[in-house]
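Let me begin by presenting the structure, written as structure tokens, before commenting on it.
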Amino acid sequence: MIHEEVRLDGLGQFRFPNGIMATVRLLHRSQPGAARPSESILVQLSTGSQIELPESADNGETTEAPRVHVIKGNPSDQVFLFGGEIAYRLHSDGRVLESLVTYRHRDLDEFWDTKILLLEEEILIVIYETGVIAINQDLQVQWHVHKLVNDFFSHIEGKQLMFLRDHEERKMIDLVQGNTDIVV
């Protein structure tokens with residue numbers, strides 16, 4: 001599995017494993033009555049197809065520039081995109097194969113933080129401020145669990161992700177099933 005971060009402060013690009021090029025840019029759309037414009041990523045493929053992916057950009061206050069995380073696995077014609085409130089599995093012909101509503105919310109964008117861990121090239125873990133996602137080599141979501149903003153990733157211990165919480169509490173997430181446990 002491969003992960004790359006693509007900046008969206010201009011035109012960004014990535015290549016599907018099958019060679020199809022994708023050009024990406026951030027779109028802002030004003031909505032009547034909304035405090036802020038909605039943000040989408042426009043993906044234009046070298047085949048001529050294009051698709052708009054709503055709420056898919058990582059544009060929180062903690063990032064230097066808007067971005068999207070592109071995850072590549074075994075399917076040469078697919079990528080998994082993580083950034084905003086919705087993650088997408090995209091086919092190189094422009095079809096959305098899957099969308100995943102995350103626990104990420106715009107009202108917490110001052111806390112947005114993303115860490116990507118690749119474990120033995122079989123599973124990729126996305127840790128973000130309010131959740132954790134496990135993605136397998138076929139770009140399928142194995143599990144997706146909620147966590148608190150104050151659950152800070154510490155380390156991997158055996159087959160568990162370890163998080164520290166206020167007052168020395170530890171939260172553990174099982175890497176296989178995504179089950180959580182809290183130890184005081």
Handout entry: Restricting segment 66-88 to residues that are over 10 Å from the mean Cα position of the chain (by Cα), closer than 18 Å to L45 by Cβ and not acidic (D, E), the residue that is surrounded by the fewest Cβ atoms within 10 Å (Cβ to Cβ)
Key = S76
Problem - Answer from I156, I127 - the residue that is assigned by TED's automatic domain parsing to the domain that holds I182 and within 30 Å of P17 (Cα to Cα) - result: I156
Problem - Of the criteria (1) in contact (Cβ under 8 Å) with a residue 24 or more places away in the chain; (2) under 16 Å from S56 (Cβ atoms), which one V132 fails - result: (2)
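The values are calculated or read from the model by the stated rules, or taken from the named source; none is laboratory data. Note that this is a predicted model, so its numbers are computed, not measured. Neighbour counts run over all protein chains shown; Cβ positions are idealised from the backbone, glycine included.
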